[in-house]
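Q: Quick one: the structure is below, questions incoming.
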Amino acid sequence: MKYQRSSQLFAAANLVIPGGVNSPVRAFKGVGGTPVFVKSAKGAYLYDEDGNRLIDYINSWGPMILGHAHQPVVASIIEKVKLGTSFGMPTELETQIAALAISMVPNIDKIRFVNSGTEACMSAIRLARGFTNRDKIIKFAGCYHGHSDSFLIQAGSGASTFGVPNSPGVTQGTAKDTLLANYNDLESVAALFKANPDEIAALIIEPVAGNMGCIPPKPGFLEALRELCSENGALLLFDEVMTGFRLAKGGAQELFNIKADIVCFGKVIGGGLPVGAFAARKEIMDYLAPIGPVYQAGTLSGNPLAMAAGLAMLQELNSDFEIYNRLSSKTAYLEKGIHAVLAKNNVEFTINRVGSMISVHFDTAAVVDFQTAKKGDNERFKKFFHGLLNQGVYIAPSAYETWFITDALTYEDLDFTIAVIDSVSKEL
Ligand SMILES: *Cc1c(COP(=O)(O)O)cnc(C)c1O
């Protein structure tokens, strides 16, 4: 396949946009080459500026769980756009989507809508700090909670329990309030609680990690975190920006039967428009302005087009009783197929999967945390990525990303993908 026009467009973009992209992972830095410029998308397929058709395994990093340009979502946006695009005043639509989301997700009484997953996590942490009157938070190495300062933190040197900035512009002062633990390592969490008694406002976690490949929580891990938080008076914050409305109607809370104190959403909840949200039981949510002391706001929060798209998406998911089984079956079929061809071609690999989240790591050791995720063979991944792209299969341009399966994929698409992986893996 040719990507000539994409290359030209990327060169032009580079003159006026830093790195040519509005979000770094789009830039192909991890795999080399130039990004594909999209012209349109429908169902499971992307159509690029060079006229190629690609089978899409990213789906806008998760939102397009029912496929691109899904008719009920598009129709709902078109209907609303004619009535005005933003008012900065309340609309009935906001109450409708809030009520539906609350009915689908366990353990939440109230929800507030924002414009991105980043904003949701940032606001949820402020709320947790205000509610507990404590400053420190615990996060896990390799988990992503958006790009706000408190989360752009990496592990400090061996002896220190606090983190250090992993981007210039994040202050030491902010970094000292974020403590780093290792995913699936309960001891590392217990040690932080012990070393910081009565100081930890919240522990934030992706209940299934999806930003270092897909990493499932070990059996009992989330339950133990729930207990540790309760014992220590800290809030358990599930970042379900990726898992929410994807792993089940009620997200990871429902799948694992665990009650989080605050839950963050993004991606699927906006149906492809910029939406995030955070939710909790009433006593916590009522701590927010205008009735509570914790300030949080947004000119475009609850935007009517975004709410229309999100509401249509949630209605579709809520009324389709087979959707999550179907997604899981398709992903399991893909997993089995990839497993068979990689094994046949003697490639070293590990596949992780939970529901419709799946990732392939080029290493035989189990991938359970950030350390083990980093061990994958990146050179092999680059070849794999470009091999697939050349034959019309688009996966994320980074070895640390989950593939997001969409219901629009047919079994023919999956068979085609497996055949492509077979041919590519012969050359790995
Ligand atoms: C994508 C993501 C975010 C950030 O959401 P944005 O909408 O990109 O700001 C936060 N947390 C998790 C788990 C995510 O996957």
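Q: Suppose the chain between Ile17 and Lys82 were pulled fully straight at 0.36 nm per residue; how much longer would it get relative to their current alpha carbon spacing?
A: 20.3 nm
Q: Just to be sure I understand: with springs between alpha-carbon atoms less than 10 Å apart, which residue in Ser319, Ser123, Ser329 has the highest mean-square fluctuation in the Gaussian network model of the chain?
A: Of Ser319, Ser123, Ser329, the Gaussian network model singles out Ser319 as fluctuating most.
Q: For Lys139, Lys382, give the ranking by accessible area with the largest first, probe 1.4 Å.
A: Solvent-accessible surface, decreasing: Lys382, Lys139.
Q: Ignoring ligands and nucleic acids, what accessible area does Leu152 show with a 1.4 Å probe (Å², nearest 10)?
A: 40 Å²
Q: Sticking with this structure for a sec: Which distance in Å, rounded to a whole number, links the C-alpha centroids of region 120-158 and region 204-223?
A: 16 Å
Q: Separate question: To the nearest 10 Å², what's Arg5's accessible area with a 1.4 Å probe?
A: Rounded to the nearest 10, that gives 100 Å².
Q: How high is the relative contact order of the chain, given as a whole-number percent (alpha carbon pairs under 8 Å, six or more residues apart)?
A: It comes to 22 percent, rounded to a whole number.
Q: Leaving out ligands, DNA and RNA but keeping every protein chain, what accessible area does Asp239 have, in Å² rounded to the nearest 10, with a 1.4 Å probe?
A: Result for Asp239: roughly 10 Å² accessible.
Q: For region 154-295, what's the relative contact order in percent, using C-alpha pairs closer than 8 Å and at least 6 residues apart?
A: Normalised by residue count, the contact order of region 154-295 is 14 percent.
Q: Can you list the aspartates and glutamates whose alpha carbon is less than 14 Å from that of Lys110, not counting same-chain residues fewer than 8 positions off?
A: Counting by Cα, and skipping residues close in sequence, Lys110 has these aspartates and glutamates nearby: Glu94, Asp261, Glu283, Asp286.
Q: What dipole magnitude, in Debye to the nearest 20, does region 1-125 give about its Cα centre under +1 on Lys/Arg Cβ and -1 on Asp/Glu Cβ?
A: 320 debye
Q: List the lysines whose alpha-carbon lies under 17 Å from that of Lys336, not counting same-chain residues fewer than 8 positions away?
A: Straight-distance partners of Lys336: Lys344.
Q: For a test of the definition: using alpha carbon positions, the gyration tensor, and the 1.5 limit on a/c, classify the chain as rounded, prolate or oblate.
A: The shape class here is oblate.
Q: Still on this model: For region 369-392 and region 1-25, what is the separation of their C-alpha centers, rounded to whole Å?
A: Between the Cα centre of region 369-392 and that of region 1-25, the gap is 22 Å.
Q: Could you sort Leu305, Leu186 by accessible area so the largest value comes first, with the probe set to 1.4 Å?
A: In descending accessible area the options line up as Leu186, Leu305.
Q: Another one. Looking at the chain as a GNM with Cα springs under 10 Å, which of Ile291, Ile102, Ile125 has the largest mean-square fluctuation?
A: Residue with maximal mean-square fluctuation among Ile291, Ile102, Ile125: Ile291.
Q: Calculate how many DSSP beta bridges within the chain are antiparallel, expressed in % of all such bridges and rounded to the nearest 5.
A: Roughly 60 percent of the DSSP beta bridges within the chain come out antiparallel.
Q: Given a Förster distance of 45 Å, report the FRET efficiency between Val294 and Asp422 from their Cβ-Cβ distance, rounded to the nearest 0.05.
A: E(calc), rounded to 0.05, equals 0.25.
Q: Could you work out how far apart the two model spin labels at Gln4 and Thr364 are, taking each label as a point 7 Å from the Cα in the direction of the beta carbon, and quote it in nm?
A: 4.6 nm
Q: Straight-line reach from Lys2: which lysines fall under 27 Å, measuring Cα to Cα and dropping same-chain residues less than 8 apart?
A: Within the straight-line limit of under 27 Å, Lys2 reaches these lysines: Lys29, Lys39, Lys42, Lys382, Lys383, Lys426.
Q: Now a separate question. Can you list the residues of region 79-114 with backbone N under 19 Å from a point 7 Å past the Cα of Phe321, pointing along Cα to Cβ?
A: 103-105
Q: Summing -39500 (n - 2.57) over the DSSP H runs of n ≥ 4 in the chain and dividing by its residue number, what mean residue ellipticity at 222 nm do you reach, to the nearest 500 deg cm²/dmol?
A: Computed ellipticity for the chain at 222 nm equals -11500 deg cm²/dmol.
Q: For the pair Ala195 and Ser329, how long in nm is the line joining their label points, each one 7 Å along Cα→Cβ?
A: 4.9 nm
Q: Which value results when the Cα radius of gyration for region 79-237 is divided by 2.2 N^0.38 Å?
A: 1.17
Q: Total Lys pairs in region 190-316 closer than 22 Å by alpha-carbon, pairs eight or more apart in sequence or interchain only?
A: The result is 7.
Q: Leaving ligands and nucleic acids out of the surface, order Phe256, Phe278 by accessible area at 1.4 Å, largest first.
A: Phe256, Phe278
The values are calculated or read from the model by the stated rules, or taken from the named source; none is laboratory data. Since the structure is predicted, the reported quantities are computational estimates derived from the model, not experimental observations. Using ideal geometry, Cβ is built from the backbone for each residue, glycine included, and neighbour counts are taken over all protein chains shown. Please note that ligands, DNA and RNA were not included when accessible areas were found on the heavy atoms of the full protein model with its side chains. Shrake-Rupley method; radii C 1.70, N 1.55, O 1.52, S 1.80 Å.
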